[in-house]
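K.L.:
Here it is, the structure in full.
The values are calculated or read from the model by the stated rules, or taken from the named source; none is laboratory data. Note that the coordinates shown come from a computational prediction; the quantities given were computed from them, not determined experimentally. Here Cβ is always computed from backbone atoms with ideal geometry, including for glycine, and neighbour counts include all displayed protein chains.
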Amino acid sequence: MKTFNTIFLLFLTSMAFAQVGTNGQDRKEEGRNIQEYNLTIEENEITLSGVTAKGMTINGGIPGPTLEFNEGDLAIINVTNKMDEETSVHWHGLILPNFYDGVPYLTTPPIKPNTTFQYRIPINQSGTYWYHSHTMLQEQKGVYGSIVIHPKEKTLDYDKDLVVVLSDWTNEKPMNVLRNLKRGNEWYQVKKGTAVPLSRVIKEGALGAQFKFWRDRMEGADIADVYYPAFLANGKKLAEYSEFKTGEKVRLRFINASASSYYWVDFGGGNPMIVASDGVDVTPEYKNRFLFAIAETYDVIVTIPEGTLEITATAQDGSGNTSIRLGSGKLYPATVIDRPDKVAMMKQMAKMDMKMGAPAMVGNHKKKTPEFLMQTYGMKMKMDMKDGQMKMDNDMNMEMKKDATPMNHMMSTMQKDTTSFNYDTRKTYFNYDFLKSKENTTYKADIPVTDLLLNLTGNMQRYVWSLNGIPLSETDKIKIKGGEVTRITLNNLTMMHHPMHLHGHYFRVINENGERSPLKHTVNVPPMQKVVIEFYNEEYGDWFFHCHVLYHMMGGMARVFSYDTPRDERMKPYPVQNLIDETDHYYSWGMLRGGSNFNELLLMSSSIRNEFALRAEFDYNQNAEIEVNYNRYLNDWVRVYAGVNTETSTPNSYDTFNTVGLVGVKYFTPYRFNVDVSMDHQLRPRIRLDRELLIFPRIFLEGEYEYRADFGWVNDLENNNSYEGETQWLIGASYILSRNFSIQGNYNNRYGWGGGLLVRF
């Protein structure tokens, strides 16, 4: 009997994996039906969100065409690059030969301009998937499309299919977006209306919470980083499909192809029933609202009512939405989710005895171990439990309520969830307990298990993201062995959601369903929570693992899982270092202050660890000071530097300059002050202090203080003085007009009152 049970368990396990394929299945090309597609990637003028801008199209459109296959096919996809830059295509969620995974320089050659690359993929799975570029930030500009794979035998009851690709659109160049995030500009939050000025904090009684955030060097609670003028469903803000008839069951294949946007998906009716996630069938679950993470897919069957069924996808921060309408006649409207109350979030988070945000760069990797980071920056038990709304345990697990949305399975129009959708209610949607595998997904008990702890870490100030405090550019591959199980605890120590994606594998997401925990290729890890995943090691080669917020990935939140197998010979001309260098790119920006009292120029060029800076200050009376320096970041907050400073030594004259070399230390302190302490080669110390603060919507207050001293250690001081000192300070305010322009006024103790224009570039 015991033997029979073992065989039966193994049979169920193999059934669970059959839908997504395994390395053990036949990957030979012979004897398969060939399904071939030709894709052309090129730059075209395209109008989205009412603005015509350059986009990267596939076969002339955004999104690209839907590629349809049958389980058992051989997919041959010819991708032609007609752009002036390299490109690539990753087949997201497909179990496929390593060489065709599509990560340039890691697994697959980049597609050079005016060349064609052929992907050959044996299809051993079914479900809803998608494809996208894995080169820099090209996905943001339109290089994405959908994949539908039909099973050998139909397992679900529905009448028609509809693919729904959700995406976010910016008219900016994506690299300019990332550059703007790197320089710490608050423009996107201001533009969206999600920035929280000090005036509002004080008005709503959250000053204590604000100070706790400042103590941990954070401005406040954050949800999404980028401003988007449009959110799209199949390339439209409103996608209408009137051809669907009353009573028809429609399988909606949702794909979140956004670069950085989560969505609250809400149904106006239709008894929505989730039947698959990430291409894998699950036990059907009726659910009229769910949080849709980036890079996930969900298949939902709806019944068209006597009228028009509306579905909304609202950006998680409430900054915009897109809608899909099915059918014709009376409208069954969906809910556009309100913006979350960020002040209320701050107050709630401040009740927790925790540090808000682990470092993105640790100075001593051996000392700041993953366990150290988890213990130091993770959730603690000490909380105000009077409201009874949140509970924490020592394991940093958040106690989640089950989605109690009332359902009437027999009704064509469901009873809507009308509960208040506030901060605490929203958190009940952040888990995967509603996903239950149809089969047992556990592994045999005698398989060796390797446990890994990966803390998700980041620095919003410099927009550097990492795992265990180490960005991709500074770490080695994670070695895994075939025939073992790798179990990973993903512990999010940041205030942002992170959709973590593993290439070429499916993993179990451990939830309350135990042995029937679901299989996924992408998992959302909510702020200050942890998720445990595990997968069986049965592949070969190197596989990318990363956050699918593109800007986080480009900021360093990625790793490479590597089997102990030789690299494909075809990859010899393509060094992996080229991929690593993408996350350690130099970003340059500047600021020009044109005022009636004085002028200032600031130029910066920065990578993860290195920074070059130039600062020049001059008035209209021939007084000037210029400083050039090189900075090296030791960790998130501390950098050492060396440079040269020159300034006019005679008032109101360019005739003579005093030039000195200097070394110093810069420190970003708790409560968000920038402190600069230096010494020049004449042994004259200097200290600088500055701070910027949003006090009203669009209005920033700034302050600077600098003190220099000369103790006569090198120079001869006049009048037998024991030291000479000089103080310079500024206080001012600016009003943001746009991303690049502000009007400003200030008082400088050297130059007096003045005003003018601030230009950021």
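K.L.:
When the residues of the stretch 112-159 are filtered to those that are under 26 Å from the mean Cα position of the chain (by Cα), among the aliphatic types (A, V, I, L, M) and not in a strand (DSSP E or B), which remaining residue is surrounded by the most Cβ atoms within 10 Å (Cβ to Cβ)?
P.N.:
143
K.L.:
Taking the stretch 620-643 as the search range and keeping residues that are hydroxyl-bearing (Ser, Thr, Tyr) and over 28 Å from residue 752 (Cα atoms), which one is surrounded by the most Cβ atoms within 10 Å (Cβ to Cβ)?
P.N.:
633
K.L.:
I've got another one for you. Restricting attention to the stretch 197-243, which residues are aliphatic (A, V, I, L, M) and either surrounded by fewer than 20 Cβ atoms within 10 Å (Cβ to Cβ) or assigned to a helix (DSSP H, G or I) (or both)?
P.N.:
198, 201, 202, 207, 209, 230, 238, 239
K.L.:
Mind telling me which of the residues 277, 260 ends up being among the hydroxyl-bearing types (Ser, Thr, Tyr) and either touching a helix residue (DSSP H, G or I) at 6+ places or on another chain (Cβ under 7 Å) or modelled with pLDDT under 95 (or both)?
P.N.:
Unique residue meeting the criteria: 260.
K.L.:
Out of 648, 656, I need the residue that is touching a strand residue (DSSP E or B) at 6+ places or on another chain (Cβ under 6 Å), more than 30 Å from residue 175 (Cβ to Cβ) and either among the basic types (Lys, Arg) or at pLDDT below 95 (or both). Which one?
P.N.:
Being touching a strand residue (DSSP E or B) at 6+ places or on another chain (Cβ under 6 Å), more than 30 Å from residue 175 (Cβ to Cβ) and either among the basic types (Lys, Arg) or at pLDDT below 95 (or both) holds for just one of 648, 656, which is 648.
K.L.:
Before we move on, is residue 76 surrounded by fewer than 22 Cβ atoms within 10 Å (Cβ to Cβ) and among the aliphatic types (A, V, I, L, M)?
P.N.:
Considered against the rule, which asks whether it is surrounded by fewer than 22 Cβ atoms within 10 Å (Cβ to Cβ) and among the aliphatic types (A, V, I, L, M), residue 76 comes out as yes.
K.L.:
Here is a further query. How many residues does the stretch 257-292 contain that are assigned to a strand (DSSP E or B) and under 24 Å from residue 90 (Cα atoms)?
P.N.:
Qualifying residue count, the stretch 257-292: 6.
K.L.:
Has the stretch 174-188 got at least one residue that is of a type in the set (Phe, Trp, Tyr), closer than 17 Å to residue 738 by Cα and not assigned by TED's automatic domain parsing to the domain that holds residue 694?
P.N.:
Yes, because at least one residue in the stretch 174-188 is of a type in the set (Phe, Trp, Tyr), closer than 17 Å to residue 738 by Cα and not assigned by TED's automatic domain parsing to the domain that holds residue 694.
K.L.:
Turning to a different aspect of this structure: Those residues that are surrounded by fewer than 19 Cβ atoms within 10 Å (Cβ to Cβ) and assigned to a strand (DSSP E or B), I need them from the stretch 62-73; list them, please.
P.N.:
Of everything in the stretch 62-73, those that are surrounded by fewer than 19 Cβ atoms within 10 Å (Cβ to Cβ) and assigned to a strand (DSSP E or B) turn out to be 68, 70.
K.L.:
Select, from 641, 630, 620, 574, the only residue that is in contact with a Phe, Trp or Tyr (Cβ under 9 Å, 6 or more places away or on another chain), in a loop (DSSP other than H, G, I, E, B) and assigned by TED's automatic domain parsing to the domain that holds residue 669.
P.N.:
620
K.L.:
Which of the residues belonging to the stretch 714-735 are touching a Ser or Thr at 6+ places or on another chain (Cβ under 6 Å) and at pLDDT below 95?
P.N.:
Across the stretch 714-735, there are no qualifying residues.
K.L.:
Give me a count of the residues in the stretch 554-583 that are buried (at least 21 other Cβ atoms within 10 Å of the Cβ) and not small (Gly, Ala, Ser).
P.N.:
Looking only at that region, the number is 7.
K.L.:
Which condition breaks for residue 592 when tested against (1) surrounded by fewer than 18 Cβ atoms within 10 Å (Cβ to Cβ); (2) touching a Leu at 6+ places or on another chain (Cβ under 7 Å); (3) of a type in the set (A, V, I, L, M, F, W, C); (4) without any contact (Cβ under 8 Å) to a residue 60 or more places away in the chain?
P.N.:
It is condition (4) that residue 592 fails.
K.L.:
Okay, moving on. Filter the stretch 720-742 down to residues that are surrounded by fewer than 15 Cβ atoms within 10 Å (Cβ to Cβ) and aliphatic (A, V, I, L, M) and give me whichever is farthest from residue 190 (Cα to Cα).
P.N.:
Residue satisfying both the conditions and the ranking: 731.
K.L.:
Shifting gears a bit: Can you find, within the stretch 503-519, the residue that is surrounded by the most Cβ atoms within 10 Å (Cβ to Cβ) among those that are out of contact with any Asp or Glu (no Cβ under 6 Å at 6 or more places or on another chain) and of a type in the set (D, E, K, R)?
P.N.:
Looking at the filtered set, the residue picked out is 516.
K.L.:
Same structure again: All but one of (1) on the phi > 0 side of the Ramachandran plot; (2) buried (at least 24 other Cβ atoms within 10 Å of the Cβ) hold for residue 318; state the number of the condition that does not hold.
P.N.:
Every condition holds for residue 318 apart from (2).
K.L.:
What is the number of the single condition among (1) closer than 30 Å to residue 546 by Cβ; (2) aliphatic (A, V, I, L, M); (3) not in a loop (DSSP other than H, G, I, E, B) that residue 295 does not meet?
P.N.:
Every condition holds for residue 295 apart from (3).
K.L.:
Here's something else I'd like to know. Name the single residue that is nearest to residue 468 (Cα to Cα) among those in the stretch 595-615 being assigned to a strand (DSSP E or B) and over 35 Å from the mean Cα position of the chain (by Cα).
P.N.:
599
K.L.:
Right, another one. Of the conditions (1) outside any strand (DSSP E or B); (2) more than 27 Å from residue 641 (Cβ to Cβ); (3) among the small types (Gly, Ala, Ser), residue 754 fails just one. Which one is it?
P.N.:
Residue 754 satisfies all of (1) outside any strand (DSSP E or B); (2) more than 27 Å from residue 641 (Cβ to Cβ); (3) among the small types (Gly, Ala, Ser) except (1).
K.L.:
Is it the case, given these coordinates, that residue 678 is surrounded by 18 or more Cβ atoms within 10 Å (Cβ to Cβ), of a type in the set (S, T, N, Q) and closer than 18 Å to residue 185 by Cα?
P.N.:
no
K.L.:
Take residue 71 and decide whether it is among the acidic types (Asp, Glu) and closer than 25 Å to residue 584 by Cα.
P.N.:
no
K.L.:
Another question about this same structure. What's the number of the condition residue 483 fails, among (1) on the phi > 0 side of the Ramachandran plot; (2) in contact with a helix residue (DSSP H, G or I) (Cβ under 6 Å, 6 or more places away or on another chain)?
P.N.:
(2)
K.L.:
Which one is farthest from the chain's Cα centre (by Cα), of the residues in the stretch 665-683 that are hydrophobic (A, V, I, L, M, F, W, C) and assigned to a strand (DSSP E or B)?
P.N.:
By that ranking, first place goes to 679.
K.L.:
Return a yes/no flag: does the stretch 40-61 have any residue that is modelled with pLDDT under 95, part of a loop (DSSP other than H, G, I, E, B) and either closer than 30 Å to residue 446 by Cβ or in contact with a Pro (Cβ under 9 Å, 6 or more places away or on another chain) (or both).
P.N.:
Checked against the condition, which is being modelled with pLDDT under 95, part of a loop (DSSP other than H, G, I, E, B) and either closer than 30 Å to residue 446 by Cβ or in contact with a Pro (Cβ under 9 Å, 6 or more places away or on another chain) (or both), the stretch 40-61 yields at least one hit.
K.L.:
Does residue 709 qualify as being surrounded by fewer than 16 Cβ atoms within 10 Å (Cβ to Cβ) and either hydroxyl-bearing (Ser, Thr, Tyr) or in the same structural domain as residue 679 (by TED's automatic domain parsing) (or both)?
P.N.:
The answer is yes for residue 709.
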